[in-house]
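One structure below.
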Amino acid sequence: MSDQETSHYRICPLCEACCGLEIRTAPGADGKRRVTSIRGAEHDVFSHGFLCPKGVALKDLHEDPDRLRTPLIKRDGRFVEATWDEAFAEIERRLPPLMQQHGRDSVALMLGNPSVHKMGLLLYTARLIKALGTHNVFSASTLDQMPKQLSSGLMFGHWLTIAVPDIERSDFLLMLGANPMASNGSLWTVPDFRGKAKAMRARGGRIVVVDPRRSETAEVADEHLFVRPGADVFLLAGMVHALFDEGFVRLGQLEQHVSCIEELRAAVAPFAAEQVAERCGIDAATIRRLARELAAAERGCVYGRIGTCTQEYGTLASWLVDVLNVLTGHLDAEGGAMFPKSAAFSRNTGGPGGRGHGISTGRRSSRVSRAPEVYGEFPAGCLAEEIDTVGDGQVKALITVASNPVLSAPNGARLARAIEQQLEFMVCVDIYLNETSRLADVVLPGRSPLEDGHYDAAFPQLSYRNHARYSAPVFEAPADHPPEWQTLLRLCAIAQGMGAQADVLALDDALVADDVRRVAGPQADAVLAMVSRFTGPERQLELALRSGPYGDGFGRKPDGLTLAKVMEAEGGIDLGPLQPRIPEVLRTPSGKVELAPAMLLADLQRAAADLARPVPELVVVGRRDVRSNNSWMHNLPLLAKGPFRCTALVHPSDAQRLGLADGARAQIRNGARAIDVQVEFSDAMMPGVVSLPHGWGHDLPGAKLGVAAQRPGANLNAVLDENLRDPLSGNAVLSGVAVQMSAVN
Ligand SMILES: Nc1nc2c(c(=O)[nH]1)N[C@H]1C(S)=C(S)[C@@H](COP(=O)(O)OP(=O)(O)OC[C@H]3O[C@@H](n4cnc5c(=O)[nH]c(N)nc54)[C@H](O)[C@@H]3O)O[C@H]1N2
Ligand SMILES: Nc1nc2c(c(=O)[nH]1)N[C@H]1C(S)=C(S)[C@@H](COP(=O)(O)OP(=O)(O)OC[C@H]3O[C@@H](n4cnc5c(=O)[nH]c(N)nc54)[C@H](O)[C@@H]3O)O[C@H]1N2
Ligand code: SF4
Ligand SMILES: [Mo]
């Protein structure tokens, strides 16, 4: 390190791996500090020096001239730069009158993926939902993991009680619909999956990957099996059936903590391996062998991710993954699927535990499709119809936070049209003028991630090991650029009639005081005094850490955690390997693991009735690439360079049948909608399946993404259907959708 250089520790906010980075900065010719290098922080107790190219690209993101630094207001169809006061004044002029005239539900909120990766956004979108008082809340969760949240909630009693593989002590891992070699893990915070998989295999462990593409993860596994897209439920039910049929059920430690096993046995009766083999594309002997291998494994588990969620039986598939873990004694056991114990913000660590209210869905329905509310949200696929269907309760205003649904949700064109033609007012809290925010009336830019402090509020609840880590800002933000939590609070103030000039710090104080009074009663004032050295998200974090399972209990346990201690421990504090948590983690009304929730058994009959469905000639699935992140990192030169990544992978036998040439253009159609793609032959594809990444299609007018626009790619979601959903969770079906494909001459 040169003597001009300073080293900073920063947790990467870009994906769920949450790697600790070492970012070096030095003054440039103009005296301003710049990033000189980014590498993995070797002293990080959780990621131990791992990083991927996106982490390095944080420099490009920080310096990107297209990244917004000033609010924008649309005047006469064109954006003009505005001061923060002007932007909030415009929102105050336009939003409250709509709410008064049309009611609170006339404002919809759409929350995107990065809002979970920034502490200030995650903690304050919750405030915004409350302040708006709208039921029209939508998020990327119903394009992603809602099925897993629902099945976990039904089985274990809370939406975020999700079991993750204890990979460091495992010797058998069956993975479905996940490609952590590209994604770096999801609903499983596991930096350096490659290293951990390698270590597992070196110990004699075995990894089996089930995927319609021989993915990068399949390449490092011991075995890969093609599955028909959307048919995991049949494979998994076939395995459950085989365990019962062959007498391999062994509950182990869970014996006393499981309910309804006989109902489960009866429900899977139609799914004998021989009955499901054709539907899922895996032969009966292999299904039975997989069940036996799982049962025989000393320490192991099944893990399913996005491929098992973004399908019409997403909740069933997610449930059966955990059912298999329970029936083989691998749930909550070392080396199996275990429940992390997060130091802060986790709902399954408070109180005595072992019993609770459980979860419910459908407390209300969406206006147009009557889709049930799930975890306080309606399906993202319903957003467009709520805007473009005229009638009482129609959505008139939209606020998006870190969300690009025009590209990331199915049939974004309908949403864009609805926004342009029907919506009266739109605010985007975003850092780019992209395919969605270009349609806004006001854009409020977030700061660069390097300008904010960071603690992952969500991901320690999903981590392969327990830990607590904080990182301070690398750069000071420009004085007039508010942190996003304050931006969201100002929106709260406007929505609540306090006006754009409200004192948001006083509002924050009042909201925190309310929270603390609810839980601490007469001790509230003393608790508030103890956390008063922090404000904003840090104050909420201090409260959560100190009252959390490792906390100092506000002085009662002097060795416990406080935010100051976590801040001091650069590189984080390791809180040890995952520990068994049943029954304490459970929050079901019965105090048991619910093996056969009624809602799921009913849906299983739908699957049984669907066993004989014919296989379409061609279906499309998605994929991820290490150098890309959903819809928004295609503008960073470091990631954009190199081979074009938005190609349609086609098996040579399909290509021959369809008359497609390698490298040539082809059209993918679904009904009247079509996209133009570049074909790439790949024998890694299951015949009858084409793979195209999502998040591309950067050729829409009005966006300001200079680099991304040079190679815009095709938008997979333009040919997917916003009305195809898993009926239980409302999750979009993004995988296994039937399409046609032909050459473009
Ligand atoms: N076909 C298909 N579609 C999919 C998927 C798929 O597998 N297949 N995957 C789905 C999944 S899993 C997800 S999570 C969604 C993701 O879809 P979205 O939730 O829409 O997220 P992104 O596409 O990542 O877009 C993120 C937005 O946040 C902005 N942003 C980035 N950082 C910040 C910040 O710090 N502050 C603010 N305010 N804004 C920021 C970006 O500019 C961008 O507009 O896509 C879904 N769509
Ligand atoms: N580099 C990078 N990392 C990311 C992201 C990114 O865009 N880029 N996005 C982040 C987000 S928001 C998320 S949610 C996670 C997702 O993380 P993962 O769940 O690991 O998602 P993918 O990498 O898309 O891998 C999904 C796999 O499922 C397979 N698949 C498709 N359909 C089916 C099916 O019906 N059954 C089965 N068994 N498999 C199927 C696909 O071929 C693919 O290999 O990644 C996160 N990390
Ligand atoms: S894997 Fe890459 S993008 Fe994900 S947290 Fe680590 S460095 Fe960041
Ligand atoms: Mo996601």
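Please treat every number below as a calculation from the coordinates, not as lab data. Here the structure is a predicted model, which means the values were calculated and not measured. For neighbour counting, all protein chains shown are included, and Cβ atoms are generated from backbone atoms with ideal geometry for every residue, glycine included.
Below, the figures for the structure above:
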quantity	calculated
Under 13 Å from Lys704, Cα to Cα: aspartates and glutamates that are on another chain or at least 8 residues apart	Asp64, Asp66, Asp430, Glu435
Within region 619-743: Cβ-based charge dipole about Cα centre, in debye rounded to nearest 20 (Lys, Arg +1; Asp, Glu -1)	300 debye
Rounded if a/c under 1.5, otherwise prolate or oblate - region 373-509, Cα gyration tensor axes	prolate
Ratio of Rg to Rh over region 489-605 (Cα coordinates, Kirkwood Rh, two decimals)	1.12
Scaled radius of gyration (Cα, divided by 2.2 N^0.38 Å) that the chain gives	0.92
Potential lengthening between Arg606 and Val80 on full extension [0.36 nm per residue; Cα-Cα distance subtracted]	184.1 nm
Distance violations [Cα-Cα > 18 Å] among Lys54/Lys641; Lys54/Lys565; Lys32/Lys54	Lys54/Lys565; Lys32/Lys54
Residue order, fewest to most surrounding Cβ atoms within 10 angstrom, among Leu658, Leu150, Leu236, Leu578	Leu658, Leu578, Leu150, Leu236
Kirkwood Rh, Cα atoms: Rg over Rh of region 619-743	0.97
Over the chain, relative contact order from alpha-carbon pairs under 8 Å, at least 6 apart, %	20 percent
Dipole of the chain, positive direction: furthest Cα of Ile431, Gly185, Phe88, with charges on the beta-carbon	Gly185
Residue exposure sequence - Ser653, Ser47 - by fewest surrounding Cβ within 10 Å	Ser653, Ser47
Packing-based exposure ordering (other Cβ within 10 Å, fewest first) of Glu168, Glu617	Glu617, Glu168
The chain, helix-only ellipticity at 222 nm - DSSP H runs n ≥ 4, -39,500 (n - 2.57), divided by all residues, nearest 500	-8500 deg cm²/dmol
Net charge dipole size for the chain [Lys, Arg +1 and Asp, Glu -1 on Cβ; Debye, nearest 20]	200 debye
Protection proxy ranking, peptides 256-262, 3-9, average beta carbon neighbours within 10 Å, highest first	256-262, 3-9
Point-charge dipole on Cβ atoms (K/R +1, D/E -1) for region 434-517, about Cα centre, debye to 20	280 debye
Built amide H within the under 5 Å cut-off of His467, gap 5+	Ala343, Leu575
Cα centroid separation - region 7-62 against region 570-615, whole Å	36 Å
Contact order normalised by residue count of region 619-743, Cα under 8 Å, 6+ apart, percent	36 percent
Potential extension, Asp392-Ala529 segment - 0.36 nm per residue separation minus Cα distance	44.6 nm
Residue (of Ala126, Leu618, Thr562) at the positive-pole extreme of the chain, dipole from beta-carbon charges	Leu618
Prolate/oblate/rounded label for region 365-440 (Cα gyration tensor, a/c 1.5)	prolate
Theoretical FRET efficiency, 1/(1+(r/R0)^6), r = Cβ-Cβ of Arg673 and Gln579, R0 56 Å, to 0.05	0.65
Length added when fully stretched, Glu219-Asn745, from 0.36 nm per residue minus Cα-Cα	185.9 nm
Dipole of region 619-743 [Lys/Arg +1, Asp/Glu -1 at C-beta], most positive-end residue of Asn723, Val650, Val707	Val707
Whole-angstrom gap from region 110-157 to region 348-397, using each part's C-alpha centre	10 Å
